[in-house]
Amino acid sequence: MIKTTINICGKEVPFCSSAAVPRLYRVKFRRDLFRDLKKLQDSYDAKTDSYAIEDLEVFENVAYIMAYHADSSIPASIEEWLDGFEMFSIYEILPQLLDLWGANMETQVSSKKNGKRPNAK
């Protein structure tokens, strides 16, 4: 489990990434996190340094799940949680969340590589 705090509109917001995030995402949104992150990545336009507007919902969903994972006392509704902020640029927040997710994935891959194999019986 990896945690970080990101300042959003003057509020320190905790976020957490672990192996539970894809499951929490699937339960809450009935969608596959990996597929949605791939879609978000594919929608990035390097020429304009932007994402397709319809794919920004993925960012909101991922941010909400990682915030909920860090602090389960946040509102149960993503809309209510988002209403707690003024307008902010996702382009400032998204790279930090993707870094957090990437760091978690690296940790999981490293632990699998370094883990001992169970004895065969």
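Restricted to the range 3-17, and to residues that are surrounded by fewer than 17 Cβ atoms within 10 Å (Cβ to Cβ), under 13 Å from the mean Cα position of the chain (by Cα) and in contact (Cβ under 8 Å) with a residue 60 or more places away in the chain, which residue is nearest to residue 86 (Cα to Cα)?
The extreme case among them is 4.
Quick check on residue 34: is it over 12 Å from the mean Cα position of the chain (by Cα) and among the aromatic types (Phe, Trp, Tyr)? Full working, then the answer.
Details: over 12 Å from the mean Cα position of the chain (by Cα): no; among the aromatic types (Phe, Trp, Tyr): yes.
Taking the combined requirement at face value, the residue does not satisfy it.
Would you point out the residue of the range 73-91, among those that are assigned to a helix (DSSP H, G or I) and modelled with pLDDT under 90, that is surrounded by the most Cβ atoms within 10 Å (Cβ to Cβ)?
Ranking the candidates gives 90 first.
Please go through (1) over 12 Å from the mean Cα position of the chain (by Cα); (2) open to solvent by 40 Å² or more (accessible area, probe 1.4 Å) for residue 96 and return the number of the only condition it doesn't satisfy.
It is condition (1) that residue 96 fails.
If you take the residues in the range 19-45 that are of a type in the set (Phe, Trp, Tyr) and farther than 18 Å from residue 82 by Cβ, which one is surrounded by the fewest Cβ atoms within 10 Å (Cβ to Cβ)?
Result: 34.
Any residue at all in the range 46-62 that is loosely packed, with under 13 Cβ neighbours inside 10 Å and farther than 20 Å from residue 89 by Cα?
The answer is no, given that none of the residues of the range 46-62 is loosely packed, with under 13 Cβ neighbours inside 10 Å and farther than 20 Å from residue 89 by Cα.
The values are calculated or read from the model by the stated rules, or taken from the named source; none is laboratory data. Given the structure is predicted, the values throughout are model-derived calculations rather than measurements. Using ideal geometry, Cβ is built from the backbone for each residue, glycine included, and neighbour counts are taken over all protein chains shown. For the accessible areas, the whole protein counts, side chains as well, though only heavy atoms, and no ligand, DNA or RNA atoms are used. Shrake-Rupley method; radii C 1.70, N 1.55, O 1.52, S 1.80 Å.
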